[in-house]
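**Q** A single structure is presented below for examination.
Coordinate-derived values only; no laboratory data. This is a predicted model, so every value here is computed, not measured. Note that we place each Cβ from the backbone using ideal geometry, even for glycine, and neighbour counts take in every protein chain shown.
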């Protein structure tokens, strides 16, 4: 069994137990937590398990503001709280090099040595040329263009993309010969053309999964 499945299963079981015993007086606080707070908390845990840094930060900010509204933990308003959370996250990202620069510390056109890449775009436009096998990305109210390929030093025949796209556009550019595995993008009030196609049985594949809200996700062959 997979570790992430175990963690997710235990989380759901724990939530069920809390809901059942929520009438107990010593757990009366649970009634101040609505369904959406629990929903965002589950997504936060999932993002942590998937090691998707910026996605986890967004979900954490949503949960934090919900809890602050319910319990008045802090005296600051929610906008200040969200800004503070993102400033802290940006500081952590800078200290621990979350964005994944190469060994020289200078970002090249291709992230040749980055086997795992995290991408965060909000209210902007970003274009990245990636030699990688694992991409975690979040695009909010922006346009993200990713040119994806595989570095010869990476012994892999696939690239995994885990995404959250909301109110924006994400375009994945892949080589003509590549295959697309499955239909892993859930689009709510948005559009995508991510569906399984096979060009060559021995060609690399791209596997895209995630959530698309009020936006557009496209795969284009070049």
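**Q** Place the peptides 125-136, 79-90 in order of packing, highest mean first, counting for every residue the other Cβ atoms within 10 Å and averaging per peptide. Write out the running numbers ahead of the final one.
**A** Numbers: 125-136: 19.0, 79-90: 13.8.
Put in order of decreasing packing, that is 125-136, 79-90.
**Q** Under a crude label model (7 Å from the Cα following the beta-carbon direction), how far is residue 39 from residue 207 in nanometres?
**A** 2.7
**Q** Shifting gears a bit: Students often check this: by mean Cβ neighbours within 10 Å, which of 137-150, 202-215 ranks highest, and how do the rest follow? Before the final figure, lay out each step's value.
**A** On the way: 137-150: 20.8, 202-215: 18.0.
Result, highest mean Cβ count within 10 Å first: 137-150, 202-215.
**Q** So if each residue of separation counts as 0.36 nm, and I subtract the Cα-Cα distance between residue 127 and residue 189, what length gain in nm does that give? Don't skip to the answer; put the middle values down first.
**A** Values: separation 62, 0.36 × 62 = 22.32 nm, distance 2.47 nm.
Extra length from residue 127 to residue 189 when fully extended: 19.9 nm.
**Q** Expressed in nm to one decimal, what extension gain is obtained for the pair residue 141 and residue 171 from 0.36 nm per residue of sequence separation less their Cα-Cα distance?
**A** Details: separation 30, 0.36 × 30 = 10.80 nm, distance 1.38 nm.
The residue 141-residue 171 span can extend by a further 9.4 nm.
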